[in-house]
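Asks: The structure that follows is given in the form of structure tokens.
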Amino acid sequence: MPRAHIELDRRAVIGPVRRRTFGSFVEHLGRCVYTGLYEPDHPTANPDGFRMDVVELVRELGSTTVRYPGGNFVSGFRWEDSVGPRASRPVRRDLSWHSLESNQVGLDEFAKWLKLTDSELMLAVNVATRGILPALDLLEYANHPSGTALSDLRIANGTPEPHDVRMWCLGNEMDGPWQTGFMTAEDYGKLAARTAAAMKAADKDLELVVCGSSGSGMPTFGDWERTVLEHSYDHVDYVSCHAYYQVHDGDLGSFLASATDMDYFIDTVLATADHVGHKKRSSKKINISFDEWNVWYLKEHQESEEVNEEWRHAPRQLEDQYTVADAVVVGNLLMTLLKRSDRVTSASLAQLVNVIAPIMTEPGGPAWRQTTFYPFSITSRLASGEVIRPVIDAPAYLTARHGEASVIDAVATADEDRAAVFLVNRDLSEPARVTIDVRSLALSRIVEAVTLADSDPYARNTLAQQLRVTPAANTSAALADGVLSIELPPVSWTAISLGRG
Ligand code: AHR
């Protein structure tokens, strides 16, 4: 059985556990909003039409900020269509997902849903096909208290208090040829700078996210970040990163090491951002908003029957069913985001309901947890205080896609009264025995030890078998003389929480 040892030094603090690390993403795409969050005829719907069974699951998931309303959707969106009396809201074509948008849910309705789930809004503006003035209008509608045309319109529409949105995305994936209104880095960098400067003239405390490249595999990657930031550095606060992973050609070993790629991605973007900052002799640091990350079987969707010429409202799109291995990768990606909490200060799991999501629903039927739900919700619940850098001594294995990777990965968090250790075992067939020196945490009791694993790494939860995969207590966990020991099954994700005696 492979063995690993981990040293934890309470003084080796990476940064705070940031609640915004546990953000998610709601796009007007497929059934994320319609029959996902919003289904007025559903037996659990509240008077505003929101499914309360989904609200309960979102609360259990522990997501914090929610990026909205896209995604690719935002680049064809006129925000004015989705406010005011519902009967007069137009139906529009959404070119990015080739579907119809009824506009029955817009900013004011979504803000009510956010209150139900205790979430913070991260709002995206359409800079791709609209420009500066509509962005300023949306800002006025959303945030200005009263006494102007658009703030008074919001009040007349039934929302007296401003939404006070702090985080704003300046468009989405603007280098992607799939993006309506895609641009060169030069064009986007200049437009983003002008839009950001105008928005900050209205409110200097806004937190603005400029689009990084749509992915590290893009030919634009690297140069895009440099050029865009050369134009916009002084006006923005974050650069975005997006990354999706999947099993390629059955290579589970590489897939399980996806977190090493995310780490490398973060390094590269920070190096580029800091390079621009140094060139500008700026004392300001641009942080990362990792505002789309997940497992996504994109290739399979592109080749599926979902792609057709019909204009449908809320069709089933991107409804991935996640496996145990997918959940281990999601848990591991979240560990990486925690490990980079010094500079990755916001993140969004893409997405929240039905569309590549931890929560699934049936119209008129139940809502259930995918496998990926569990590592996210447990990490969100247990991580507190500060992130501690672990020193991991474990065997390594060679992957085809990501080079050498450690069989065991881990991260820890701690505050004064409790600590948590999150671990993955990437070995495909062998359990691993792990010891962790936790003396410096000065905590003497295992409060909880749970593992997500299955004899079938491809097991998943479905409508027919909603609880096929659930986390189980790991009874091998023991704590003696400041050393925690535990056995991790192959292809598994584990959380251990420690407390005072
Ligand atoms: O999350 C699904 C899509 O992935 C988003 O709309 C887009 O930004 C990305 O390509």
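Asks: Excluding the sites themselves, what is the longest stretch of the chain that contains no chymotrypsin sites (Phe, Trp or Tyr not before Pro) in a DSSP loop with at most 16 other C-beta atoms within 10 Å?
Replies: 1-177
Asks: Hey, another quick one. Which translational diffusion coefficient, to the nearest whole µm²/s, is obtained for the stretch 402-501 from the Stokes-Einstein equation, given a Kirkwood hydrodynamic radius over C-alpha pairs, 25 °C and 0.890 mPa s?
Replies: This corresponds to a translational diffusion coefficient of 169 µm²/s.
Asks: Pairs of Cα atoms under 8 Å, at least six residues apart: use those to get the relative contact order of the stretch 63-145, whole percent.
Replies: It rounds to 37 percent for the stretch 63-145.
Asks: Compute the relative contact order of the stretch 157-213 as a whole-number percentage, counting only Cα pairs closer than 8 Å that sit 6 or more residues apart in sequence.
Replies: 50
Asks: Can you tell me the relative contact order of the stretch 393-501? Whole percent, Cα pairs under 8 Å, sequence separation 6 or more.
Replies: Computed value for the stretch 393-501: 35 percent relative contact order.
Asks: What does the stretch 167-309 give for Rg and for Dmax, in Å, if only its C-alpha atoms count?
Replies: According to the Cα coordinates of the stretch 167-309, Rg and Dmax are 16.5, 52 Å.
Asks: If you wrap the stretch 1-106's Cα atoms in a convex hull and average its projection over all directions, what's the area in nm²?
Replies: Mean shadow area of the hull around the Cα atoms is 11.9 nm².
Asks: OK, next. Under a no-solvent Debye model with one identical scatterer per Cα of the stretch 291-368, what's log10 I(q)/I(0) at q = 0.13, 0.14, 0.16, 0.18 Å⁻¹?
Replies: Log-scaled intensity ratios, in q order: -0.51, -0.58, -0.72, -0.86.
Asks: Roughly how many Å is it from the Cα centre of the stretch 275-320 to that of the stretch 207-243, as a whole number?
Replies: Spelled out, the Cα-based centre of one part sits 13 Å from the other.
Asks: Roughly how far apart, in whole Å, are the Cα centres of the stretch 422-501 and the stretch 109-175?
Replies: Using only Cα atoms to place each centre, the spacing works out to 42 Å.
Asks: Loop-only check: which trypsin sites (Lys or Arg not before Pro) in the stretch 107-212 are DSSP coil with at most 16 other Cβ within 10 angstrom?
Replies: Filter output for the stretch 107-212: R166, K204.
Asks: Cα atoms only, the stretch 74-146: Rg and Dmax in Å?
Replies: That works out to 12.8, 37 Å for Rg and Dmax.
Asks: Give the shape of the stretch 327-478 as rounded, prolate or oblate, defined through the alpha-carbon gyration tensor: a ≥ b ≥ c are the square roots of its eigenvalues, a/c under 1.5 means rounded, and otherwise the shape is prolate if a/b is larger than b/c and oblate if not.
Replies: Prolate, since a/c reaches 1.5 and a/b exceeds b/c.
Asks: Follow-up. Suppose only helical runs count, i.e. DSSP H with n ≥ 4. What mean residue ellipticity at 222 nm does that imply for the chain under -39500 (n - 2.57) per run, divided by all residues and rounded to the nearest 500 deg cm²/dmol?
Replies: Rounded to the nearest 500, the figure is -8000 deg cm²/dmol.
Asks: Ok, one more. Just to be sure I understand the curve: with the Debye formula and one point per C-alpha of the chain, what is log10 I(q)/I(0) at q = 0.06, 0.08, 0.09, 0.13 Å⁻¹?
Replies: -0.27, -0.48, -0.62, -1.28
Asks: A further question follows. Exposure proxy check: S406, S82, S348 ranked by fewest other beta carbons within 10 Å?
Replies: Arranged by neighbour count, lowest to highest, S406, S82, S348 become S406, S82, S348.
Asks: Using 29 Å as the Cα-Cα cut-off, could you pick out the over-long pairs in K112/K204; K190/K299; K190/K339; K112/K339; K112/K284; K112/K285?
Replies: Violating the 29 Å limit, Cα to Cα: K190/K299; K190/K339; K112/K339; K112/K284; K112/K285.
Asks: Return the sequence-ordered ³J(HN,Hα) values of the stretch 438-451 in whole Hz as given by the Karplus equation 6.51 cos²θ - 1.76 cosθ + 1.60 applied to θ = phi - 60°, using x for Gly and Pro.
Replies: In residue order, the calculated couplings are 10, 4, 6, 7, 6, 10, 10, 9, 7, 7, 7, 9, 10, 10 Hz.
FYI, it's all coordinate maths here, none of it is from the lab. Since the model is a prediction, treat every value here as computed from it, not as a measurement. Note: ideal-geometry Cβ built from the backbone for every residue, glycine included; neighbour counts use all protein chains shown.
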